[in-house]
1. So is PHE179 buried (at least 21 other Cβ atoms within 10 Å of the Cβ) and modelled with pLDDT under 95 or not?
2. Residue under question is THR60, and the condition is that it be more than 22 Å from SER166 (Cα to Cα) and not aliphatic (A, V, I, L, M); does it hold?
3. Under 6 Å between Cβ atoms, which residue pairs at least 6 apart in sequence (or on different chains) link something in region 102-131 that is within 15 Å of ASP80 (Cα to Cα) with a partner that is modelled with pLDDT under 95 and in a strand (DSSP E or B)?
4. Scan region 213-222 residue by residue and report those that are in contact with a helix residue (DSSP H, G or I) (Cβ under 8 Å, 6 or more places away or on another chain) and outside any helix (DSSP H, G or I).
5. Hey, could you check region 199-212 for residues that are touching a helix residue (DSSP H, G or I) at 6+ places or on another chain (Cβ under 8 Å), touching a residue at least 24 places away in the same chain (Cβ under 8 Å) and not hydroxyl-bearing (Ser, Thr, Tyr) and say which is surrounded by the fewest Cβ atoms within 10 Å (Cβ to Cβ)?
6. Going through region 228-254 one residue at a time, which ones are touching a Lys or Arg at 6+ places or on another chain (Cβ under 9 Å) and either in a loop (DSSP other than H, G, I, E, B) or of a type in the set (Val, Ile, Thr) (or both)?
7. Looking at region 141-198, what helices (runs of 4 or more DSSP H) fall wholly within it and have at least 2 residues that are farther than 22 Å from ALA51 by Cα?
8. When the residues of region 131-147 are filtered to those that are of a type in the set (D, E, K, R) and surrounded by 13 or more Cβ atoms within 10 Å (Cβ to Cβ), which remaining residue is farthest from THR158 (Cα to Cα)?
Amino acid sequence: MSKKVKSSPFDFAVQKRQSETLDMVRIALAHKQVKLAFQPVVLTAQPDCMAFYEGLLRVTDQQGRVIPAKDFIDVVEETDMGRQLDALAIEQGLMALAEEPSLRLSINMSANTIGYAPWNAALLAGLSKDPTLAERLIIEITERTALCKSDDLLDFMTEMQGKGISFALDDFGAGYTSFKYLKDFYFDLLKIDGELINGVHKDPDAQLLTEALLDLAHKFEMFVVAENVETFEDAEYLSSIGMDCMQGYYFGVPTLTPYWRVNQILGKTA
């Protein structure tokens, strides 16, 4: 008879934390406490010019705290709640595009959501009102989930690109790097993972990898975004090697009240 494996205090703490996270997201979904925060992605050659914005999921917990996606997405990504969040993200993203005609916006989506009926319905509902929104929409797929759903992903991308939607491969270089994606999939943008970028100006190894990825992506005719740019020194180095776009706290934090909504509020009170 096999012996029962005892859980360690650490395992118990992890399970408790995951359970609390699932409960938090479940309650937020039930009360529609899910929003997008918007972070600018700037053109390296013109840092005061926005290439596009990324819509980042936020949920509000029962204490009224706004919780960023990084604190819950790994726990819920492969559950139905993860797919529900993706559906809300695309719905709210299309609403933002309809609000501001000059906006170009990227929305995150797990490859696990491919074929999820509510996500498809939200997309079709938004595009039925204005099909041109597709030309300003970018869907970001993380490298990690793309690895697990590569067969479904290719068909999905072909269908969406037929509507005019662009695709970004997110968090590239985060640990599952496969150059197969660059060959087999037609991603329009490549986003280099922030762990490689943060502090790159003083890390020769990170510089070597960053420059190699940039050169390779350009050969595949992809625009490249450096994520997690937080200092002038990193931005200066990335500019010197010809990085196309940069994103990070150095250029702007994610906000629930982007400029177009501020302008709407000011217009109503004027």
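The values are calculated or read from the model by the stated rules, or taken from the named source; none is laboratory data. Keep in mind that what you see is a predicted model, and the values were worked out from it rather than measured. Here the Cβ is made from the backbone with ideal geometry for all residues, glycine too, and neighbour counts use every protein chain on show.
1. No: the conditions fail for PHE179.
2. Considered against the rule, which asks whether it is more than 22 Å from SER166 (Cα to Cα) and not aliphatic (A, V, I, L, M), THR60 comes out as yes.
3. Final answer for the pair search is ALA111/ILE141.
4. Once the filter is applied, which keeps residues that are in contact with a helix residue (DSSP H, G or I) (Cβ under 8 Å, 6 or more places away or on another chain) and outside any helix (DSSP H, G or I), region 213-222 yields PHE220, MET222.
5. The selected residue is LYS202.
6. PRO254, the sole residue that qualifies.
7. Of the helices (runs of 4 or more DSSP H) lying wholly inside region 141-198, those with at least 2 residues that are farther than 22 Å from ALA51 by Cα span 143-148, 150-162, 180-184.
8. ARG144
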